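The next block holds one structure in the form of structure tokens; read it before the comments.
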Amino acid sequence: MQEWNVEVQVLVVELVDDFRADDCAQLFQVDHKARFGTRNTFDGNKNIVIVSMPVFVAAFTEHLFIFLITPVLTPQFVGGIEVFFSDDVNCFHLGSFKGTKIATKIEDHLIRLMEHGNLYYLCPKIRKMIVVTGAAGFIGSCLVGRLNAAGFQNIIAVDDFSKTEKAPNLEGKKIQLQVERTALQAWLLENAGSVDMIFHIGARTDTTEFDKAIFDELNVNYSKMLWDICSAARIPLVYASSAATYGLGEHGYDDNHDTIPKLKPLNPYGDSKNDFDLWALQQPQQPPFWAGLKFFNVYGPNEYHKGRMASVIFHAFHQISTKGSMKLFRSHNPEYTDGGQLRDFVYVKDVVEICLFLMEAQPTSGIYNLGSGIARTFLDLATNTFHAMDKTPEIGFIDTPIDIRDKYQYFTEANMQKMRNAGFSKPFHTLEEGVSDYVKNYLIPQKYY
């Protein structure tokens, strides 16, 4: 390094089509004159190196700033760079250019150089693939749509695509590849080095299903498989947990890790989600960043295929459309009036916004609540659905079925402080805003997100 007289301004190293990770001297051409592996003195006035390849690495010296974007699975190349620059370089390995403090400093420095006219060319970051499981489902398809809106089209959509009723959820969306759910493990073992992020949204979510083996296979063991691959390949992972883990709320609704072993879910679905949360917290080998999201009562577009498992708003809309009225469960708890049962309803657009935030910011790993943070009554929900349809509310009550009466939740409310402390600052849709948007822009015109 010190044999190079760094009296200069900008050095640009462009990506060579014929990539050979084990031979630095043959890998890059520097202004078509100097090469990395030769220790040749650089020509011209240069003090910044920028290389356009998928994974970000930055090196700082007293006089020279080097920005290298190199492939994940080329440790011999990255190691060669560090050894070559020897003692007077500090190297920082970053999985993503955005969302980290050191990357922010780098970006600020590049902006200053551009403002002073010293940066002649900056190669763009090559985006790698984002895997979304459950991509044809309710939340998964909305996440794909939001990723598209953010400019991501390199999406690997994973689902059981034999269920054709979900196909409209992905129509018009830009994805790179569809992978069958049962083929994902083999695909990842071949392609993990090209994956930047995995959103594991897919799951068996039927709370009336009591076959534990189904949940073990689809919700627990499948999630463990993804966790192990993400840990080995250093892929960030965000997965769907559930507020069903909280049971009757005997221990409150705080996303404190110490509380999780005490929770008593009310059905095998909730058990499966809590079992995986517990397992994840016990693992010595972890992805570089991971987050388990305890979804509360999510509602919004793209749930047409869900049948009886669709949100109360979806069912209310169809009852009102066909009958002009709707029915709610009567309260069998003297502390709550009929329709006064409380739930934390969260709009799916807020859910996917948090998913993007976690991908970019990658705050402290752990399990997070994902609700609106405000409990509202079913009567509020029904009334707002009538208003969004420009109809006068006509609401009746029926007895809660006996088989679920003793397991019926009368109150849920996510404590969202942990997510706020992690840096998510955007406001959530109010129930009024969310219901109005869902009904007027999706349910009435029968559109998808």
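The values are calculated or read from the model by the stated rules, or taken from the named source; none is laboratory data. Remember, predicted model here, so these are calculated numbers, not experimental data. Here the Cβ is made from the backbone with ideal geometry for all residues, glycine too, and neighbour counts use every protein chain on show.
Some notes on this structure:
- Listed by position, the helices (runs of 4 or more DSSP H) contained in segment 209-295 that have at least 1 residues being within 22 Å of I130 (Cα to Cα) are 222-233, 268-281.
- Hits in segment 161-173 - residues which are surrounded by fewer than 24 Cβ atoms within 10 Å (Cβ to Cβ), at negative phi and either touching a residue at least 60 places away in the same chain (Cβ under 8 Å) or assigned to a loop (DSSP other than H, G, I, E, B) (or both): F161, S162, K163, E165, K166, P168, E171, K173
- Positions within segment 238-257 being out of contact with any Asp or Glu (no Cβ under 8 Å at 6 or more places or on another chain) and either more than 13 Å from D277 (Cβ to Cβ) or surrounded by fewer than 22 Cβ atoms within 10 Å (Cβ to Cβ) (or both), in sequence order: V238, G247, L248, G249, E250, H251, G252, D254, N256, H257
- The number of residues in segment 141-160 that are in a helix (DSSP H, G or I) and under 12 Å from Q176 (Cβ atoms) comes to 3.
- R308 meets each of the listed conditions (1) modelled with pLDDT of 95 or more; (2) closer than 28 Å to N169 by Cα; (3) out of contact with any helix residue (DSSP H, G or I) (no Cβ under 7 Å at 6 or more places or on another chain) apart from (1).
- For the condition in contact with a helix residue (DSSP H, G or I) (Cβ under 9 Å, 6 or more places away or on another chain) and among the polar types (S, T, N, Q), T164 does not qualify.
- The residue that is surrounded by the most Cβ atoms within 10 Å (Cβ to Cβ), among those in segment 174-186 that are part of a helix (DSSP H, G or I) and either in contact (Cβ under 8 Å) with a residue 24 or more places away in the chain or among the small types (G, A, S) (or both), is L184.
- Identity of the residue in segment 341-365, in a helix (DSSP H, G or I) and over 23 Å from V312 (Cα atoms), that ends up nearest to the chain's Cα centre (by Cα): C355
- Scanning segment 394-417 for residues that are farther than 14 Å from N297 by Cβ, in contact (Cβ under 8 Å) with a residue 60 or more places away in the chain and among the acidic types (D, E) yields a total of 2.
- Residues of segment 392-437 satisfying the condition of being within 22 Å of the chain's Cα centre (by Cα) and assigned to a helix (DSSP H, G or I): Q417, K418, M419, R420, N421, G434
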